[in-house]
1. Any idea how many residues of region 60-92 are in contact with a strand residue (DSSP E or B) (Cβ under 9 Å, 6 or more places away or on another chain) and not hydrophobic (A, V, I, L, M, F, W, C)?
2. Would you be able to tell me the number of residues in region 10-25 that are surrounded by 10 or more Cβ atoms within 10 Å (Cβ to Cβ) and either at pLDDT below 85 or within 30 Å of Ser76 (Cβ to Cβ) (or both)?
3. Before we move on, is Val28 modelled with pLDDT of 80 or more, over 19 Å from Met1 (Cα atoms) and exposed (fewer than 10 other Cβ atoms within 10 Å of the Cβ)?
4. Note down all Cβ pairs under 7 Å where the first residue falls in region 11-25 and is over 17 Å from Val36 (Cβ atoms), the second is loosely packed, with under 10 Cβ neighbours inside 10 Å and at pLDDT below 75, and they're at least six residues apart or on different chains.
Amino acid sequence: MPTDRESVFFISMKAIPAQAQNDQPQSVGQMAVTVVSNMKLFYRPAGLAKRAVADVACQLRFNRSGKELIANKPDSLLAHLFAAENGPRRAG
């Protein structure tokens with residue numbers, strides 16, 4: 001794995017309930033539910049400077065193009081934007 005930048009992995013898990021064995025009677029009106037969970041796993045190598053990680057928010061640059069707001073960042077660190085405000089308007 002790279003040691004100079006963060007990595008992201010996608011994990012998908014599915015939980016399927018066990019089926020009754022043939023020697024057990026089936027009850028009427030049973031329902032089986034399958035649960036699917038999707039997660040992102042972020043790996044940050046120990047060698048990354050902690051100050052660089054803390055400065056990610058300060059390095060974000062926003063530009064407006066018509067009705068779109070475009071975010072740019074100059075480094076390879078991952079950043080998530082949960083909410084944005086423009087005066088009384090709020091997104092997220």
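1. Quick first cut of region 60-92, residues in contact with a strand residue (DSSP E or B) (Cβ under 9 Å, 6 or more places away or on another chain) only: 60-64, 69-74, 78-79, 81, 83-86, 90-92.
Okay, now just the ones that are also not hydrophobic (A, V, I, L, M, F, W, C), so 61, 63-64, 72-74, 85-86, 90, 92.
Final tally of qualifying residues: 10.
2. 1
3. On the way: modelled with pLDDT of 80 or more: no; over 19 Å from Met1 (Cα atoms): yes; exposed (fewer than 10 other Cβ atoms within 10 Å of the Cβ): yes.
Answer is no for this residue.
4. Close Cβ pairs (under 7 Å, with a partner that is loosely packed, with under 10 Cβ neighbours inside 10 Å and at pLDDT below 75) amount to Ala20/Gln26.
The values are calculated or read from the model by the stated rules, or taken from the named source; none is laboratory data. Computed from a prediction, not measured in an experiment: that's the story for all the values here. Every residue, glycine among them, receives a Cβ derived from its backbone with ideal geometry; neighbour counts consider all protein chains shown.
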